[in-house]
Amino acid sequence: LNWHVNPTSSAKIIASLLHFFPEKWSGSSNVSSKASARASIYELARYLTELSVCVSSIALNCKASEVAYASILCAIDALKDEIYIPDKLQMEFENKVTAATRLTPNTVKDVRASLQDLCPSMFSGDDNNVSTLSRSTAIKEISPTQENESDHGKISPVCVMNQCGNQAISRKRVR
């Protein structure tokens, strides 16, 4: 058989790992229910895994399960002011994940540190509302004046792909 099987994505692993959160979780939080708290953690963890593709040390050297678990732990840390998770329940979650996957917070500490370096303000409390990530701003909407006013490269650079694509097209025509 010539099967072409794609590996499991980090987002799929995140969804699976979040099922290990204890069912008896009823702590007070600014988020209305456990389901929406889980959804907030999922969205932020998924966002971090998407960013992790940009870091070669993570993308090339880490397993998807390690990135997924580190992203969940980072998301929980980033959302700690908005979602209250008692230490006992977080430990129960971590123990269940360890029992099922042999991943521990210690085994993913380097991945976690790398993810935290991607968005330092998210973890330092500088972001006002981490759970409402805005992905609606396209790179094309950033003007050159906004780039110059940026905090020393803390925003994404302007995409030059269209310029490269135009050069490639013109080269094809020359040949």
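At pLDDT below 85, in a helix (DSSP H, G or I) and open to solvent by less than 60 Å² (accessible area, probe 1.4 Å) - does that describe any residue in segment 35-48?
Residues of segment 35-48 at pLDDT below 85: 35-37.
Filter once more, keeping what is in a helix (DSSP H, G or I): 35-37.
Cutting the leftovers down to open to solvent by less than 60 Å² (accessible area, probe 1.4 Å) gives us 36-37.
The answer is yes, given that some residue of segment 35-48 is at pLDDT below 85, in a helix (DSSP H, G or I) and open to solvent by less than 60 Å² (accessible area, probe 1.4 Å).
Out of Lys88, Lys96, which single residue is open to solvent by 90 Å² or more (accessible area, probe 1.4 Å) and among the basic types (Lys, Arg)? Give the derivation first.
Working: Lys96 fails: open to solvent by 90 Å² or more (accessible area, probe 1.4 Å).
Just one listed residue meets the conditions, Lys88.
The values are calculated or read from the model by the stated rules, or taken from the named source; none is laboratory data. If you're wondering where the values come from, they're calculated on a predicted model, not measured in any experiment. All accessible areas refer to the heavy atoms of the entire protein, side chains included, with ligands and DNA or RNA removed. Shrake-Rupley method; radii C 1.70, N 1.55, O 1.52, S 1.80 Å.
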